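The structure appears below as structure tokens.
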Amino acid sequence: MAGWREDGRCIPERHVVLVSAFLTMFFGSSLMSATGIIHIALLDLFQESIPVTTWTGALFNACFCLGGTGQAFVYTGSFVVVGFYFGKQRSLATGVVVAGFAVGMVVFPSLTQILVDGYGLKGTFLILSAVGFQTCVFGTIIAPGRTERALYSEAQRRREISKPSLCKRLFDDARILGKMSFLIFCVSIFLWCKSLSIVTLYVTDFYHSTGSSMVEAAFLTSLIGIGSIISRVLVGIAAVDGGVDRQLLYFGSYGVIGVLTLTSPFYCTSYWSKACFSSLFGLYTGGSWTLLGPITVELVGIQNLASGFSIEMAAAGLGFLSGPIICGYMMNGMDKFSYVFGYAGMMHFLSFFSGLLMALFTQQDSKARVCQDQKPTLTSEKVEDIVVLYDTNAEKKAFLTESTDHRSQ
């Protein structure tokens, strides 16, 4: 798999890992996009109340981020390992990986509806499980990069020297929550995923209840994936440009989608208006997944990428779990989608304001770092180039940083 060049970089390997991560995301993580179809099938099969049935989809989506098994391994592992393989193009590489999720969003809703119509719910689960099992094939190809192995070895060496207690290790991993900007970022992710899970679980039922057939409703749900593909790739390309503010892209999109979601029950009355909402919803929410990795590196550093991303996924999982359950009880006996989508839109607005606060605290953190003297900074992501720089030597720092960025290309 490796084809080493004279400068020590392995371009073929990281491209293979990138494609494998894309396909892993497609086969494994994309199954959650079909939860809206399965939700309706469960209601028809077991005739349970909406709050009780909602727990099934909410738990499934929450385990995508919170459970540490199944899809959580697929998503977190693919996301983090690509962040270590790519330096300056991290945003673009992340966009390619999460586009695999978006492609699955296009395929799986319609595919799941076809399977439910042809094989019933039990047959559908068997076939989808076989599809999900393909993640094992591509997951075996994904291996840790040199930067990740170097940081892990250094961490192991320090632990062998200091032999800290388990509590001390947990404290070290959790200390990044002390950064106000990162804590607010996690709150923003919680609110965003809360709204996202509501729309994911109920949008198909909403389309069906307003006159669309199940086949049409499944296809309209798939349009979210088409918009998401475009968004994830374009945002990834834009975020590579140093002149584009990633955090502005992140929280700015939430304000737009908040308006669209809040007013959707009033204008989604025809097939084409529903198609517009699905496309725009995917367009303005898909790019946020692309920005998670780069923003995490900005807030906590590359050495804390895995720990920071794990905390973010915990916040996302809590959002995925709580959002549909709350709306399930709102729906019980009322069948008022205006309340559900109004609540989802408000969550997006709160996520927008949280992202704005995060940007303000990030600016304060940047000013504080400039004022500190003799603070070591890790500027290289190669084993042989890990160096310690000091803020008092600005010219040397700028030169070495520029050289590192040039080599990472």
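The values are calculated or read from the model by the stated rules, or taken from the named source; none is laboratory data. Being a predicted model, the structure only gives us computed values, none of them experimental. As a convention, Cβ positions derive from the backbone with ideal geometry for all residues, glycine included, and neighbour counts pool all protein chains shown. Just the protein is used for accessible areas: all its heavy atoms, side chains included, with ligands, DNA and RNA removed. Shrake-Rupley method; radii C 1.70, N 1.55, O 1.52, S 1.80 Å.
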State whether the residues of the stretch 73-94 include one that is open to solvent by 60 Å² or more (accessible area, probe 1.4 Å) and out of contact with any helix residue (DSSP H, G or I) (no Cβ under 7 Å at 6 or more places or on another chain). yes
Examine the stretch 198-212 for a residue that is within 26 Å of M347 (Cβ to Cβ), under 20 Å from the mean Cα position of the chain (by Cα), modelled with pLDDT under 85 and not in a loop (DSSP other than H, G, I, E, B), and state whether such a residue exists. no
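On the basis of being more than 19 Å from F337 (Cβ to Cβ), in contact with a Leu (Cβ under 8 Å, 6 or more places away or on another chain) and small (G, A, S), does A34 make the cut? Let's see the steps before the verdict.
On the way: more than 19 Å from F337 (Cβ to Cβ): yes; in contact with a Leu (Cβ under 8 Å, 6 or more places away or on another chain): yes; small (G, A, S): yes.
Considered against the rule, which asks whether it is more than 19 Å from F337 (Cβ to Cβ), in contact with a Leu (Cβ under 8 Å, 6 or more places away or on another chain) and small (G, A, S), A34 comes out as yes.
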In the stretch 249-264, what residues are more than 19 Å from V233 (Cα to Cα), open to solvent by 30 Å² or more (accessible area, probe 1.4 Å) and not β-branched (V, I, T)? L260, L262
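Restricting attention to the stretch 222-243, does a residue exist that is assigned to a loop (DSSP other than H, G, I, E, B), closer than 19 Å to L356 by Cβ and either of a type in the set (A, V, I, L, M) or open to solvent by less than 10 Å² (accessible area, probe 1.4 Å) (or both)? Working first, answer last.
Initial filter on the stretch 222-243 (assigned to a loop (DSSP other than H, G, I, E, B)): 241-243.
Pick out the ones that are also closer than 19 Å to L356 by Cβ and you get none.
No, the stretch 222-243 contains no residue that is assigned to a loop (DSSP other than H, G, I, E, B), closer than 19 Å to L356 by Cβ and either of a type in the set (A, V, I, L, M) or open to solvent by less than 10 Å² (accessible area, probe 1.4 Å) (or both).
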All-but-one check, L111 against (1) modelled with pLDDT under 90; (2) among the aliphatic types (A, V, I, L, M); (3) surrounded by 13 or more Cβ atoms within 10 Å (Cβ to Cβ); (4) assigned to a helix (DSSP H, G or I), failing number (1)
Among the numbered criteria (1) open to solvent by less than 30 Å² (accessible area, probe 1.4 Å); (2) touching a residue at least 12 places away in the same chain (Cβ under 8 Å), which one does A143 miss? (1)
Would you mention how many residues in the stretch 33-51 are of a type in the set (A, V, I, L, M) and open to solvent by less than 10 Å² (accessible area, probe 1.4 Å)? 2
Taking the conditions exactly as written (under 28 Å from S222 (Cα atoms) and touching an Asp or Glu at 6+ places or on another chain (Cβ under 7 Å)), does L292 satisfy them or not? yes
Filtered residues of the stretch 274-300 (kept if at pLDDT below 85 and over 10 Å from the mean Cα position of the chain (by Cα)): P294
Which members of the stretch 316-338 meet the condition of being open to solvent by 10 Å² or more (accessible area, probe 1.4 Å) and at pLDDT 90 or above? L318, L321, S322, I325, I326
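Any chance the stretch 217-228 includes a residue that's of a type in the set (V, I, T), under 24 Å from E312 (Cβ atoms) and over 16 Å from the mean Cα position of the chain (by Cα)? Even if it seems obvious, please write down each step before you answer.
Here is the first cut: in the stretch 217-228, the residues of a type in the set (V, I, T) are 221, 224, 226.
Now restrict to residues that are under 24 Å from E312 (Cβ atoms): 224.
Remaining after also requiring over 16 Å from the mean Cα position of the chain (by Cα): none.
Within the stretch 217-228, none of the residues are of a type in the set (V, I, T), under 24 Å from E312 (Cβ atoms) and over 16 Å from the mean Cα position of the chain (by Cα).
Within the stretch 183-218, which residues are in contact with a Leu (Cβ under 7 Å, 6 or more places away or on another chain) and not small (G, A, S)?
Let us first name the residues in the stretch 183-218 that are in contact with a Leu (Cβ under 7 Å, 6 or more places away or on another chain), namely 183-185, 190-191, 207, 212.
Once the filter is applied, which keeps residues that are in contact with a Leu (Cβ under 7 Å, 6 or more places away or on another chain) and not small (G, A, S), the stretch 183-218 yields L183, I184, F185, F190, L191, Y207.
Looking at the stretch 114-135 only, could you name the residues that are open to solvent by less than 50 Å² (accessible area, probe 1.4 Å) and among the β-branched types (V, I, T)?
V116, T124, V131, T135
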